[in-house]
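The values are calculated or read from the model by the stated rules, or taken from the named source; none is laboratory data. Treat the numbers as computed from the prediction; the structure is a model and nothing was measured. Note: ideal-geometry Cβ built from the backbone for every residue, glycine included; neighbour counts use all protein chains shown.
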Amino acid sequence: MNANDIKRMEGIFASAGIGLDERASGLFSRYYDMLAGSNDDRDLTRLTRFDDIIIKHFVDSVYILKLTELSFPLVDIGTGAGFPGIPLAIMNPGRKIILAEHRRRRVDFLESAVSALALAGVEVYPHLVTEKSFFEVQGVITRALESVDGTLSRVGHFLPAGGRVYFLKGPAVGRDMDDLSESNRKNFTIEESREYALPGTDYRRCLVVARKTAERTAKTYFVPRDPDRAEGVVITSKDNARFKVLRQAAENPKKSGRTIIAGKRIITDYLSGNTAAGSSADCSLVLYDGYIEKDDGFRAIIEDFTEHDALMILKKGLYNELDVLDSGSPLLIAPRPGIPVWDGALETGCALALPFQDPVNIGTAIRSAAGFGAGPVILLEGSADPFHPKAVRTSSGAVFHIALAKGPTLVGFCAMCAVKKIPLVPLDSHGIDMAAFDFPDAFVLLPGIEGPGLPDELKKTAVSIPLEPGIESLNASISASIALYEWKKRQR
């Protein structure tokens, strides 16, 4: 742009009531030169006349600043050669603006322009904006030809409540407003719809501003085709070294020294320090390809793991191998706490000895013990690992904040209790009615093994839960829970 062109451009802006200082004038001049120099090769704009570009691209892009207040950070969807995003960035130096454009030749131009103009805070998103896109912004702006309804559907999942969508449209936009879907009518309110003409021209335009009223946002985590778009560590092969470590945690927590925690609430409790072992250090978070997170609080947890290179996104088939409970939820890979050997010490109250070989029964009984204030929980030799993913999930995380101890075999444990004169209260369907039993001040509750129950010598002193005729016994973990409830009720 020569000096006369710059003066003419400044006059056109001034006739629209927009003053350009020396910095802005210089940037618009350089931007125009880049457009004119690259248009033939990159198909940037159909406008070629000087006045048309200044009025219908530059002025049209920034005239909105005279009509309403923009919400930043801002994403410009379908920006093409940078309209309205780059002119707005020139007029609002330092404000964060994202230029979303998927066509490669135009992306190359945008990246060159942002660099050449030194537009701080401006970045290029070189992809289509879809349900998988997510931006931390307060506003969306577009001059694209897409319908108002189509754009609202495209941005509703990432725009927060109170965020605004600015449409720079032609006067026929009214038909768009009649075609809004029920969902978008529910999630957005139209704050403004104003027709105007650019001063000194017959170029008629319409500004529509929609404000999001719904609270919900949703971010999709996925395995992208472009590795640069990956939110975390992407794993797509069983031969991946990290996946082998993860699978070992699912199959054998004792050997791997790690366990898997499934479920957002349990993970949140663990990481917030509500458990004795809770810490994000040395942990990894696993999501599957296409996982959608709608909760802002948990999304903050995911972002924290992303920043520490500890978020892993797996192909769904690989994720399923780890999700042994079919939870469909995030999985936290955490260090498996050590379990000390029980020394035979017993304080006032109820300890619980578990011979269960099913991790679900182990988790159920531990959850009940925690709920009724019993402990420690003594895991007899041969019992299932309390940090098996099924036990962790069934215990609702109680395994991390109740005292656990390793015991000997069932026979050895009974002998140990006899030597130390520790009262042992076995549970068996042939024992005396629990209603007629007085619990000692300090004792160990011992339910039977699933199926075989207890050895005959223990049945002589066992306590039973009365059942209806024809029902031989209850599930072992349920029996333990009922006994713990009865004991706790009497303590109260």
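Is it true that some residue in segment 158-170 is of a type outside the set (D, E, K, R), in the same structural domain as GLU69 (by TED's automatic domain parsing) and on the phi > 0 side of the Ramachandran plot?
Yes, segment 158-170 has at least one match.
Taking the numbered list (1) touching an Asp or Glu at 6+ places or on another chain (Cβ under 9 Å); (2) free of Cβ contacts under 8 Å to residues at least 24 places away in the same chain; (3) small (Gly, Ala, Ser) in turn, GLY26 passes all entries but (1). Of the residues making up segment 454-492, those that are in contact with an Asp or Glu (Cβ under 7 Å, 6 or more places away or on another chain), under 22 Å from VAL360 (Cα atoms) and outside any helix (DSSP H, G or I) number 1. Filter segment 53-68 for residues that are charged (D, E, K, R) and closer than 15 Å to ARG143 by Cβ; which is surrounded by the most Cβ atoms within 10 Å (Cβ to Cβ)? Filtering segment 53-68 for residues that are charged (D, E, K, R) and closer than 15 Å to ARG143 by Cβ, the one surrounded by the most Cβ atoms within 10 Å (Cβ to Cβ) comes out as ASP60. For segment 469-481, the set of residues classified as surrounded by 16 or more Cβ atoms within 10 Å (Cβ to Cβ) and over 17 Å from PRO359 (Cβ atoms) consists of SER473, LEU474, SER479, listed by residue number. Can GLY94 be described as touching a helix residue (DSSP H, G or I) at 6+ places or on another chain (Cβ under 6 Å), in contact (Cβ under 8 Å) with a residue 12 or more places away in the chain and on the phi > 0 side of the Ramachandran plot? So GLY94 does not fit the description; no. Restricting attention to segment 287-297 and to residues that are outside any loop (DSSP other than H, G, I, E, B) and at pLDDT below 95, the residue that is surrounded by the fewest Cβ atoms within 10 Å (Cβ to Cβ) turns out to be GLY297.
Which condition number in (1) under 46 Å from the mean Cα position of the chain (by Cα); (2) at pLDDT below 95; (3) surrounded by fewer than 16 Cβ atoms within 10 Å (Cβ to Cβ) is the one that THR461 fails? That leaves (1) as the condition not met. Looking across segment 128-145, the residues that are over 19 Å from LEU44 (Cβ atoms) and in a loop (DSSP other than H, G, I, E, B) come down to VAL129, THR130, GLU131, LYS132, SER133, PHE134, PHE135, GLU136, VAL137, GLN138.
Only one entry of LYS238, LYS219 meets the criterion of being of a type in the set (D, E, K, R), in contact with a helix residue (DSSP H, G or I) (Cβ under 7 Å, 6 or more places away or on another chain) and surrounded by 14 or more Cβ atoms within 10 Å (Cβ to Cβ), and that entry is LYS219.
The criterion of at least 3 residues that are β-branched (Val, Ile, Thr) is met, among helices (runs of 4 or more DSSP H) falling completely within segment 310-407, by 359-371. The residues listed here are VAL124, VAL129, VAL148; of these, the one that is without any contact (Cβ under 8 Å) to a residue 40 or more places away in the chain and surrounded by 20 or more Cβ atoms within 10 Å (Cβ to Cβ) is VAL124.
When segment 381-402 is limited to residues that are free of Cβ contacts under 8 Å to residues at least 40 places away in the same chain and under 13 Å from GLU251 (Cα atoms), the one that is surrounded by the most Cβ atoms within 10 Å (Cβ to Cβ) turns out to be ALA391. Test THR142 against the criterion of being over 22 Å from the mean Cα position of the chain (by Cα), closer than 20 Å to VAL62 by Cβ, of a type in the set (Val, Ile, Thr) and modelled with pLDDT under 90, and give yes or no. No, not satisfied. If we scan segment 161-170, do we find a residue that is closer than 19 Å to ILE77 by Cα and of a type in the set (D, E, K, R)? Yes, the conditions are met somewhere in segment 161-170.
If the condition is being over 13 Å from LEU380 (Cβ atoms) and either free of Cβ contacts under 8 Å to residues at least 24 places away in the same chain or in a loop (DSSP other than H, G, I, E, B) (or both), then segment 411-431 contributes ALA418, VAL419, LYS420, LYS421, ILE422, PRO423.
Criterion applied to LYS406, LYS489, LYS459 was being without any contact (Cβ under 8 Å) to a residue 12 or more places away in the chain and not aliphatic (A, V, I, L, M), and the one residue passing it is LYS489. Count of segment 70-110 residues, restricted to those that are of a type outside the set (Gly, Ala, Ser) and under 30 Å from the mean Cα position of the chain (by Cα), is 17. Of all the criteria given as (1) acidic (Asp, Glu); (2) on the phi > 0 side of the Ramachandran plot; (3) modelled with pLDDT of 95 or more, the one not satisfied by ASP309 is (3).
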